[in-house]
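Presented below is the structure to which this report refers.
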Amino acid sequence: MVGYITAGTLQVRQPFTDNLNLAAKSLRMPIASTSASAFNPYIEVIEAMKKFDSSWKGPNAVLLISDGLDISRGFDVTSAGHTLDIDRTIKEANKRDVAIYSFYVPSVGLTSHNRLAASYGQSSLNRVSHDTGGMAFFQGTTGFVTFDSYFNRLRAELNRQYANAS
């Protein structure tokens, strides 16, 4: 499945398929707009997990590409990384056997100009990924050039995990 989180909604562009070419054709460039930016990616990750086939007995994975910030209740440094929705996401993922892998990408909003916000976003992604059996990928707190290194590291991690599982 390919979906995009924008301004509080999950937009599924391609339902679950085993056709990688079909899934690849549904990809698009992310929208760089503060009005389209997700203010809480974790609610929509929960919505995405609800679309998984509950009869499936194997492992599942989500790739979350986000700045990691949950600012739905304001930017509060005392709760960054430990919001109600982050805790709910971890609980749901563990209940559904879903490992969440995450790529940190600064948004056009707060994390693009606030290093503290970027650090909290990365910390949140790291916690969600670690606590669900996934892995977080990030390189610094400023803009990035390419996803290539993220995908290379993700591919190596998935190959390692599935090679050990069989």
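The values are calculated or read from the model by the stated rules, or taken from the named source; none is laboratory data. Bear in mind the structure is a predicted one, so any value in this text is a computation, not a measurement. Using ideal geometry, Cβ is built from the backbone for each residue, glycine included, and neighbour counts are taken over all protein chains shown.
Looking at segment 147-160 only, could you name the residues that are within 14 Å of Ala61 (Cβ to Cβ) and in contact (Cβ under 8 Å) with a residue 40 or more places away in the chain?
Residues satisfying the conditions are Leu154, Glu157, Leu158.
So which residues in segment 29-55 are at pLDDT 70 or above and in contact with a Ser or Thr (Cβ under 6 Å, 6 or more places away or on another chain), if there are any at all?
Asn40, Pro41, Tyr42, Val45, Ile46
If I filter segment 145-157 for residues that are modelled with pLDDT of 80 or more, of a type in the set (A, V, I, L, M, F, W, C) and more than 17 Å from the chain's Cα centre (by Cα), do I get at least one hit?
Yes, segment 145-157 has at least one match.
Of these, Arg73, Arg127, which one is at pLDDT below 75, at negative phi and among the basic types (Lys, Arg)? Steps first, answer last, please.
Working: Arg127 fails: at pLDDT below 75.
It is Arg73.
Does Thr89 qualify as being at pLDDT 85 or above and hydroxyl-bearing (Ser, Thr, Tyr)?
Taking the combined requirement at face value, the residue satisfies it.
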